[in-house]
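I have placed the structure first, in the form of structure tokens, so that the comments after it can refer back to it.
Just so you know, all these numbers are worked out from the coordinates, no wet-lab data involved. Every value quoted in this text rests on a predicted model; they were computed, and no experiment measured them. Methodologically, a virtual Cβ is constructed for each residue, glycine included, from the backbone with ideal geometry; neighbour enumeration extends over all protein chains shown.
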Amino acid sequence: MLRHLCATGKPVRALELLRQMSRPNAVTYNTVIAGFCARGRVQAALEVMREMRERGGIDPDKYTYATVISGWCKIGRIEDAAKVFDEMLAAGEVKPTDAYAVLEEMERNGLSPDVFTYNILINGYCKEGNDKKALEVFEGMSRKWVRVTTVTYTSLIYALSRKGQVQETDKLFSEAVRKGIRPDVVMYNALINSHCTGGDMDRAFEIMAEMEKKRIAPDDVTYNTLMRGLCFLGRLDEARGFIDKMTKEGIQPDLVSYNTLISGYSMKGDIKDALRVRDE
């Protein structure tokens, strides 16, 4: 019935019927939303999407967003389409793969996503552990002349470091520098993490020294990452020394710092020192 009403140009009547339903679902809401968009009444469709979440307790899915975004694009309201897409990414209701499908639909309708949009997608793929797709999106940015940023490279470096691809993280970092990007402390931390994960503490310390030469001060993440690398290799005395070093540098050791040491001592079977750190 809803589908028939929408197909015959009666989305308002379809909405009235939907509101009378005891348990509407995503399909029924999407049907009505599509009906409004087909008539060019995208603002009304957007309001139904809001009602879907607030009144129906149903999260919009990729079809919901794609329909509304496509609707805005078809009537030339590109900025409004971009706003809905950004809202979709911020809400986190759609998986990165589905978000990318919506992105491609936007591009077919003439909308050019910005670097912010691409960075959110890349970060989403990285969090899923899908570095292959993250790199695919990254390469697509270059082909479309979208300028990459430190955020772009940082997400990729962290993702690849989790897979143990140390050489690839080095290549990405070098590429970023060649392109004129100035690494910040977060990007340096990502590279340090890569080498710590790979067990190359000498190189990790070299990277921190390079940071300091460029007057980029290490932060708590830098020190905690190095401590974790040292503990993993059983170099607990060195790791313990970072607590004092952090304090001297005006950085307050946090729960991560102490838990890293406790974990290191516990792995070694040194319960006495683990308890001593816990009681500090």
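Some values worked out for this structure:
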item: Estimated inter-spin distance, residue 202 and residue 97, nm [label 7 Å along Cα→Cβ]; result: 4.3 nm
item: Net charge over other residues, Cβ less than 9 angstrom from the Cβ of residue 150 (K, R count +1; D, E count -1); result: 0
item: Convex hull volume per residue in cubic angstrom - Cα atoms of region 1-111; result: 88 Å³
item: Label assignment, log10 I(q)/I(0) by the Debye sum over Cα atoms at q = 0.07, 0.11, 0.15, 0.16 Å⁻¹ derived from the structure, set (1) -0.23, -0.58, -1.17, -1.36; (2) -0.41, -0.76, -1.02, -1.10; (3) -0.26, -0.65, -1.18, -1.33; result: (2)
item: Label point distance in nm, residue 17-residue 47, each placed 7 Å from Cα along Cα→Cβ; result: 2.0 nm
item: Relative packing of 18-28, 257-267, 149-159, which averages over residues the other C-beta atoms within 10 Å, highest first; result: 149-159, 257-267, 18-28
item: For peptides 233-245, 118-130, sequence by mean Cβ density within 10 Å, most packed first; result: 118-130, 233-245
item: Residue 25-residue 115 FRET efficiency (beta carbon distance; Förster radius 41 Å; 0.05 resolution); result: 0.70
item: Using a Förster distance of 30 Å, the FRET efficiency for residue 233-residue 127 (Cβ separation, nearest 0.05); result: 0.65
item: The chain, dipole about Cα centre (Lys/Arg Cβ +1, Asp/Glu Cβ -1), debye to the nearest 20; result: 1000 debye
item: Theoretical ellipticity at 222 nm over the chain - DSSP helices of four or more residues, -39500 (n - 2.57) apiece, nearest 500; result: -23500 deg cm²/dmol
item: Protection proxy ranking, peptides 132-141, 67-76, average beta carbon neighbours within 10 Å, highest first; result: 67-76, 132-141
item: Difference of contour (0.36 nm per residue) and Cα-Cα distance, residue 245 to residue 142; result: 33.0 nm
item: Neighbourhood net charge (12 Å Cβ-Cβ; Lys/Arg +1, Asp/Glu -1) for residue 254; result: -2
item: Full-extension gain in nm, residue 90 to residue 254, via 0.36 nm per residue minus C-alpha separation; result: 56.1 nm
item: Relative contact order, percent, region 1-111 [alpha-carbon distance under 8 Å, six or more residues apart]; result: 21 percent
item: Relative contact order, percent, the chain [alpha-carbon distance under 8 Å, six or more residues apart]; result: 8 percent
